[in-house]
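Working notes, structure below.
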Amino acid sequence: MNTAPHSFGKALFELMSSMRFAISLLSILAVASIVGTVLKQAEPYNNYIIQFGPFWFQVFEKLGLYDVYHASWFLLILTFLVVSTSVCIWRNAPNFAREMKSFREHVSEQSLAAFKHQHEAVTTQAPEVLAAKAQAYLEGQGYKVKSLPREDGVLLAAKAGSWNRLGYFLAHSAIVMICIGGLMDGNLVFKAQQLLGTKKIETRDIPQSQVPAISRLTPSNPSFRGSVQIPEGSSASVAFLNVADGYLVQDLPFVVGLKDFRIEHYSTGQPKSFESDVELFDHAGKKIREATIAVNHPLIHDGIAIYQASFADGGTRLTLRGWNLFAPTAASFPVEGTVHQNATLTSAAGDYTLEFVDFRPFNIENMGGEIADSGDAMSVLGGSPVSDNKHLRNVGPSFQYKVRDARGQAREFSNYMLPLELDGRWYLMSGVRESPNEAFRYLRMPLDADGDIDTFMRLRGALLNAELRPEIAARFARQALPQNAWGTEIEDKLKFSATQVLALFAEGGFQALGGFIETKVPEAEREKAASTYLRILELAAFEALQVANRQAHLPAPKADDTTGWLVRDTLNSMSDLFVYGAPIYLQLMSYDEVKASGLQLTRSPGKNVVYFGSLLLTLGVFFMLYVRERRVWLRIKPGNALLAMSSAKHTIDFEKEFTQHAQALDSLTQ
Amino acid sequence: MELALNQPAPLLKRLSWFDWLFAVVVAAGSLFALSRFGEYMDIYEKAILLAAIPSLAVFGWFWKPFRPLFLAVGAISLFAISQYQGNLARMEEAFFLKYLISSQAAIMWMCALFGLATIAYWGGLLGRSGFVLKTGTSLTWSAVALGFVGLMVRWYESYLIGTDVGHIPVSNLYEVFVLFCLITAMMYLYYEARYQTRQLGAFVLLVISAAVGFILWYTFDRGAHEIQPLVPALKSWWMKLHVPANFIGYGSFSLSAMLGVGYLLAQRGILASRLPKLEVIDDMMYKAIAIGFAFFTIATILGAMWAAEAWGGYWSWDPKETWALIVWLNYAAWLHIRLVKGLRGAMLAWWAVVGLFVTTFAFLGVNMFLSGLHSYGEL
Ligand code: HEM
């Protein structure tokens, strides 16, 4: 009964160290690694819920699929690899070490004669003489030779390429070493603490200083990889580690202050470099050192490496002009905003929260897309690799904000500061979207002769103003009719139509007009009615502008093409306001930019172990693959000589070498 | 004593005057480049340049045909550079540049020559014509030469666009595809001479032609041949080591896969009488995977060291990294299978062929389908 566990252990040992097991492990590890490349790792958990639904989300979470490479089953496969490789070394070590030293001089003559690669030659030379010559030859070929006297002659035992075996040790222990180094830099310590309940992930969105000690790691934590964003002129003494659906706060042994963050651009507008000027202080406030960190040029201090990882807005101050889009006036009001902060807007319809999300000083847009000459083969064949970046254009600053209503519903907006030219006319653009994975849809507000949107806003206010409608309708009717029709029933009819059209439009834009036509006009006449209404609307809008300008003590608009387009664009844009989704528009007047630099901080004590392992691995692989291990025996007796050769690996080179040695023996024995 | 039979002479004695001349030219060229452009290089780049002198010299001694190739590429590239007279616009005016050796023209010639070489190899294989096969070899050599000229000139052109734009042409998918064609072809040419067999060129040139097809599509459809400035993450001397090492890996894995195809066909009796013996193909396959595995190991380690410097961690399980690991594990498994009795032959050939798909995914698929830190060269 005693033997059972023993033989089980032995069988396990055999299995773990077997080549087939190694091949299976390598294949399984390869396949398992695919999982994490197919499924995006470490996303916010909400994204996964949306993607998979609540049921599968939980299943996948249990399987650790959101952080596969730290999941216990993945670590188990790696552990198997380490154990199997170690056992394999353990098992082979004694044999291989002996083999490296041994000349295998105890082979019997019969077994030499039974070798697949053996060759016999007759000779008249004395065994010692031939042995000396053969030894010189073999040594010249790079063999280590041992000459052993036998009662009837000599045995030469030679070996070459013993380092092949050394390579095996180096490469395979390197695997173990690299895995251990990797583990040292992993989060095993935290995982253990989490299991024991001494540490916990923080999932709340609270200021760093309020994060309790159970979610904080001390400066003595041996390994971490965290990141922090520091606005210009501020400093940070912690880094954040993303874990599962939360984070941990890593207290740093020093304070990092950011003096300046710079982005340089190529002439084409693509970014050329990101650099942060940082200062390190101790916790007492004494300056330790100053440095510039750039991509590919980290700063290493006190075993912690600080890298340039990203950048963001650090709280740019925005000076804005706000417009109440549905107020029947042209008035605007001033708004001050700071990126990453909120502001409250009070209105009759309830309170809104303005959340300023981001500011971008540049926006490089592709304004043309297509490669113009792609159809012309010759132009590419003899063509120039010099890119014409004429499609790329910097369209200036923009800022992003969310408008959240009292029910918590939010839409995101992206407003450009500078106007954009589209189809030969200039507009101010405001993008809107309902969720982050949508593209922005743009509202285009036409500019007036002064290059501003004031005329648009004035006309909009006038069109929304019900009190002005009778006057506008009257002016419109007078304009539309010859003098002899003034005061007739036709004029009244026209006035009525204009008032109706204006009222409908002010209620819901073109959609409202369309809806009205659909319910009131028979199908056959709809098209005609639509174009009539449109005409009325445009002409009435022109009159509205007259009225609005007069009220604002401005000169009357010229009745020219430019004004025509301005009116038409205003109508289009106004109609879009009804689906714009916010009661206000914010125009960026000026800004005071504050950038923030995203730094990554790492302490990885395992790195040197991994690098050393890598060195051994490289050496080991080269030794194994390029040092050919082989042995030669030459048994010389009076009258004949028997050459035998063996190698662990039979390649064509080996066959060639054997032939060469056989020929050499033939010529030596002559 | 005539005992010197087959005795290898010491390396230095085996060298001819041409070997020495080659070494001198390499050293002189590199030192000239160092003195002329040293101020634009950092200490690592200078070290790389200096280390290139003995490496290239020894490589030329080890593989003799490399010497004329190197000298020809150098001479033609210098000629092309002189034609520019420091003015990029000469690309469209100077006859040689416009039709032959501006980077884009040279690379298009490379594509054409690889296409012709493929046809020649197949013609020679099917028609059992040694002469036609030999033509295939010559065409492949010419393609390699022009491809390298294309890259060298492109390097120069990038500096003409702007000194801050200039960089070694291994920075985007277009450039590395050219590199891939060249390395695969060179490795094949080496084994072709070593094993004295030309028939397998028909298979190897297929994978190169596929890459050429991609280059052409990428150029015509996407304008990928345009030289773009480097994103900050790629501005590092590591790129000069990491990328070429990787492509030696990719190149030799592709080579082995095509040899695997040849093996499987021959084993089923298809073209068997025209192809080399199975043992020969098997041996070549092993050699190709061995060199590929060794360089891929180095490339991955260099990549890890670069990542440690650029991204803050030597291993981030980024999709490209992970796929490199998968490729590496795949060939580690392949090498181990060879050591198990009874699993050789067709099994290994199949595994090598499947390896091409794994490699291609790591090389191309990751850029197309997965996103991550390695965001250069998206399609
Ligand atoms: C990532 C893991 C591994 C790598 C990269 C690796 C790499 C290699 C390489 C390159 C060779 C040389 C093959 C040749 O000469 O053609 C080799 C041989 C070998 N490997 Fe591994 N190996 C790994 C894991 C293992 C494991 C887990 C085992 C054992 C269970 C193992 C056992 C062996 C043995 C016994 C040899 C033969 C040595 C000889 O006879 O020369 N290897 N390995």
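Worth pointing out:
- The range B:172-204 residues near the modelled B:Ser129 label - backbone nitrogen below 20 Å, point 7 Å along Cα→Cβ: B:197-204
- Computed [θ] at 222 nm, helices only, for chain B once each DSSP H run of length n ≥ 4 contributes -39500 (n - 2.57): -24500 deg cm²/dmol
- Just the protein heavy atoms count here, and of the accessible area of the protein assembly as shown at 1.4 Å, carbon and sulfur take up 61 percent.
- Largest to smallest accessible area among A:Thr532, A:Thr316 [probe 1.4 Å]: A:Thr532, A:Thr316
- Quotient of Cα Rg and 2.2 N^0.38 Å for the range A:57-189, N being how many residues it contains: 1.80
- Overall dimensions of the range B:142-268 as given by Cα atoms, namely Rg and Dmax in Å: 16.3, 57
- Sorted largest first by accessible area at a 1.4 angstrom probe radius, with every protein chain in place, the residues A:Lys607, B:Lys235, A:Lys62, A:Lys40 fall in the order A:Lys62, A:Lys40, B:Lys235, A:Lys607.
- Rounded to the nearest 20 debye, the dipole magnitude of chain A is 2860 debye, with +1 charges on Lys and Arg beta carbons, -1 on Asp and Glu beta carbons, and the Cα centre as origin.
- Computed with a 1.4 Å probe on the full set of protein chains, the accessible area for A:Ser614 sits at about 10 Å².
- A straight Cα-to-Cα reach below 19 Å connects A:Lys259 with the lysines A:Lys286, A:Lys287, A:Lys595, residues fewer than 8 places away in its own chain not being considered.
- Selection from A:Gln483, A:His553, A:Leu241 lying farthest towards where the dipole of chain A points positive, charges on Cβ: A:Leu241
- Counted by Cβ distance under 11 Å from B:Ile337, the other residues give a net charge of +4, where Lys and Arg count +1 and Asp and Glu count -1.
- Å² of accessible area per residue within the protein assembly as shown, as computed with a 1.4 Å probe and no ligands counted: 47 Å²
- Placing pseudo-labels 7 Å out from each Cα toward the beta carbon at A:Gln58 and B:Ser82 gives an inter-label distance of 7.8 nm.
- Mean projected area of the Cα convex hull of the protein assembly as shown, taken over all directions, amounts to 60.7 nm².
- Globularity ratio of chain B, using Cα Rg and 2.2 N^0.38 Å: 1.01
- Solvent-accessible area of A:Glu538 with every protein chain in place, 1.4 Å probe, in Å² to the nearest 10: 40 Å²
- Of B:Arg14, A:Arg458, the order by accessible heavy-atom surface (1.4 Å probe, DNA, RNA and ligands excluded), from most exposed downward, is B:Arg14, A:Arg458.
- Protein-protein interface of the range B:73-102, residues with accessible area decrease of at least 40 Å², isolated chain reference, 1.4 Å probe: B:Met91
- Rounded accessible area of B:Ser158 (nearest 10 Å², 1.4 Å probe): 0 Å²
- Extents of the range A:456-587, largest first, come to 45, 36, 28 Å (Cα atoms, principal axes, whole angstrom).
- Summed over both chains, the accessible area lost when A and B associate is about 6200 Å², using a 1.4 Å probe.
- Förster radius 45 Å - calculated FRET efficiency between A:Thr319 and A:Ala559, Cβ distance, rounded to 0.05: 0.80
- 27 Å Cα-Cα threshold exceeded, pairs from A:Lys607/B:Lys287; A:Lys656/B:Lys277; A:Lys133/B:Lys341: A:Lys607/B:Lys287; A:Lys133/B:Lys341
- At least 30 Å along the helix axis (C-alpha) and Kyte average at least 0.5, DSSP helices within chain A: A:72-101, A:163-184
The values are calculated or read from the model by the stated rules, or taken from the named source; none is laboratory data. These numbers come from a predicted model, not from an experiment. Positions of Cβ are generated from backbone atoms using ideal geometry, with glycine treated the same way; all protein chains shown enter the neighbour counts. Ligands, DNA and RNA are stripped out before the accessible areas are found, and what is left, the full protein with its side chains, is counted by its heavy atoms. Shrake-Rupley method; radii C 1.70, N 1.55, O 1.52, S 1.80 Å.
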